[in-house]
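Q: Sending over a structure as structure tokens; questions will come in a sec.
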Amino acid sequence: MTSRFLVTERRAIVGLASLYASRMLGLFMVLPVLALYADHLDGATPLLIGMALGGYGLTQAILQIPFGLLSDRIGRKTVIGGGLVLFIIGSIVAASATSITGIIIGRCLQGSGAVAGAIMALLADQTREEIRTAAMATIGLSIGVAFAIAMVVGPLVANIGGLAGVFWFTAVLSTCGLLILWKLVPKAPQRMHQDVGIDRRQLRATLGQSDLLRLDFSIFALHLILTACFTALPFRLEALGFAPADHGWVYLPVMALAFLGMIPLVIVAEKYRKMKPIFVGAVAAMTLILLGFGELANNRVTLITLLWGFFVVFNLLEATLPSMISKLAPAGAKGTAMGVYSTSQFFGAFLGGTLGGALSQGFGVQSVFLGAAVVGAIWLAVVWKMPTPRHLSSEIIALDAQSMDRLDTLLERFASVTGVEDVMVVPEERVAYLKVDRQRLDVEALAGIAGNQWQRTDA
């Protein structure tokens, strides 16, 4: 981090990114191992195993927005701490379970600790407007790193301690998260932020935007496909001679090479403004890869090649979809748009586990990939005709006392600046939210209005 971050901001960013990553690491670690290690449990069937795999998504989707609103009332750290306690209880319940029903209950309890929105709101409370985007990008990076680590560590821990060991490890990680919240994350005055969390006044307008709904469906479909595939992929690896103990070593080079394969595509999409063709091409590629899993993955080389392609596309979409949401959301409504987006993601995970388990139980492992390919084809049809996203960036400008005295003309003055496409002024926050086209932005004119209150962000 650069010198523009204050010491308290650094502590908050490092602490909350570590907390978020440890929580997501525990959730993701189950993905590559649950289907393989749960078949000995009382009452286990492929359908119920799939429900256990995606069960956290149901409670996560239902409770995420209410917990975010609750944090506005009773405090961020209180809600986050309570959510972590629920996560720990769920992990212990799952670790102690002797039946698949116990695992499902534990996973749903894990998901009930739905504190993602509260963590983001606390991060916003702890950071200045001009560095908030960079701070949130750090959280996003921590999630990606946690996913990659989980794919490797999950099978290794399961090999040593079984499925129970994975859940006990998760409980320990969450306990560390509580210590991080208590010791590392500093206290801060609680504030309201239009660009963070759900604003009920903006919810209806956000849900009425077809472009945003396409992206909500995209993250829904992406996590449905991911979770469904992991009801079947471990068995496909095992059938080709990879022992469960070795699955982590299969995922390690695949994930590393997939990350390298993703980077050039992200650069092309963002720097050269090829977001739509890269996005639509990735959805088409995902659909073809799923068909390949179902019809062609009958030897190790083909399976690992398809697995590499799968993770290249998954990581690419996971990285670019939030960027597209940020570009399309109206000024000051990014938090509301992201809240709906995240809820869609978790519903996708739940339905993916359930669908994958049902297909596997009724028609065999191959049908899971073919069913996921059908979802991919529907997804491709949904996004095929979407307009090319405009490459707009966000600017957040703190308003001084002088600016507050001329609110009646301030909105018009901001809107008149070349390159400013959308403006929202929120007097109670003493902040103006702008969407700008950086290639056209008249920086001097904007600085003349904002004065010393504006430092360009990287949004």
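A short reminder: the numbers here are calculations on the coordinates, not readings from a lab. None of the values given here were measured: they were computed from a predicted structure. Cβ: placed from backbone, ideal geometry, glycine included. Neighbour counts: every protein chain shown.
Q: Over the Cα atoms of region 14-99, what Rg and Dmax result, in angstrom?
A: In order Rg, Dmax, the Cα atoms of region 14-99 give 15.0, 45 Å.
Q: If you bin the C-alpha pair distances of region 202-390 every 5 Å from 0, what whole percents do you get?
A: The calculated distribution, bin by bin, is 1, 8, 16, 19, 20, 16, 10, 6, 3, 1, 0.
Q: For the chain, what relative contact order do you get, as a whole percent, if you take Cα pairs closer than 8 Å and at least 6 residues apart?
A: 22
Q: Counting only C-alpha contacts under 8 Å and six or more residues apart, can you give the relative contact order of region 1-192 as a whole percent?
A: 40
Q: Please compare each pair in Lys334/Lys385; Lys271/Lys327; Lys271/Lys334; Lys274/Lys435; Lys274/Lys327; Lys274/Lys334 to a cut-off of 18 Å on the Cα-Cα distance and tell me which ones are over it.
A: Cα-Cα > 18 Å for Lys334/Lys385; Lys271/Lys334; Lys274/Lys435; Lys274/Lys334; rest within.
Q: Considering the options Ala331, Ser416, Leu226, tell which one lies farthest towards the positive end of the dipole of the chain, charges being +1 on Lys and Arg and -1 on Asp and Glu at the Cβ, about the Cα centre.
A: The residue sitting farthest along the positive end of the dipole is Ser416.
Q: Also: Beta carbons within 10 angstrom, averaged per residue: use that to sort the peptides 384-390, 340-346, 140-146, 306-312, highest first.
A: 340-346, 306-312, 140-146, 384-390
Q: Dipole of the chain (Lys/Arg Cβ +1, Asp/Glu Cβ -1, origin at the Cα centre): which of Val431, Ser360, Leu25 lies farthest to the positive side?
A: The listed residue farthest towards the positive side: Val431.
Q: Treating only the Cβ of Lys, Arg, Asp and Glu as charged (+1, +1, -1, -1), what charge dipole size does the chain show about its Cα centre? Round to the nearest 20 debye.
A: Using Cβ point charges on Lys, Arg, Asp and Glu, the chain gives about 240 debye.
Q: Follow-up question, since we're still on this one. In the chain, if the dipole is taken from +1 on Lys/Arg beta carbons and -1 on Asp/Glu beta carbons about the Cα centre, which of Gly113, Thr59, Cys176 is farthest to the positive end?
A: Checked the options; the winner is Cys176.
Q: Compute, for region 202-390, the length of the dipole vector about the Cα centre, with Cβ point charges of +1 (Lys, Arg) and -1 (Asp, Glu) only. Units Debye, rounded to 20.
A: 720
Q: Hey, another quick one. Treat every Asp and Glu Cβ in region 240-324 as -1 and every Lys and Arg Cβ as +1, leave all other atoms uncharged, and give the resulting dipole magnitude about the Cα centre to the nearest 20 debye.
A: Here the size comes out at about 340 debye.
Q: In whole Å and largest first, what semi-axes does the C-alpha gyration tensor of the chain yield when each eigenvalue is scaled by 5 and square-rooted?
A: So the three semi-axes of the chain are 39, 25, 18 Å.
Q: Still on this structure, I have one more. Between region 222-236 and region 1-61, how many Å separate their Cα centres?
A: Spelled out, the Cα-based centre of one part sits 16 Å from the other.
Q: Okay, moving on. In percent, what relative contact order does region 202-390 have, based on Cα pairs under 8 Å that are 6 or more apart in sequence?
A: RCO, region 202-390: 46 percent.
Q: Using helices alone, what [θ] at 222 nm do you get for the chain, with -39,500 (n - 2.57) per DSSP H run of 4 or more residues, divided over all residues and rounded to the nearest 500?
A: Computed ellipticity for the chain at 222 nm equals -25000 deg cm²/dmol.
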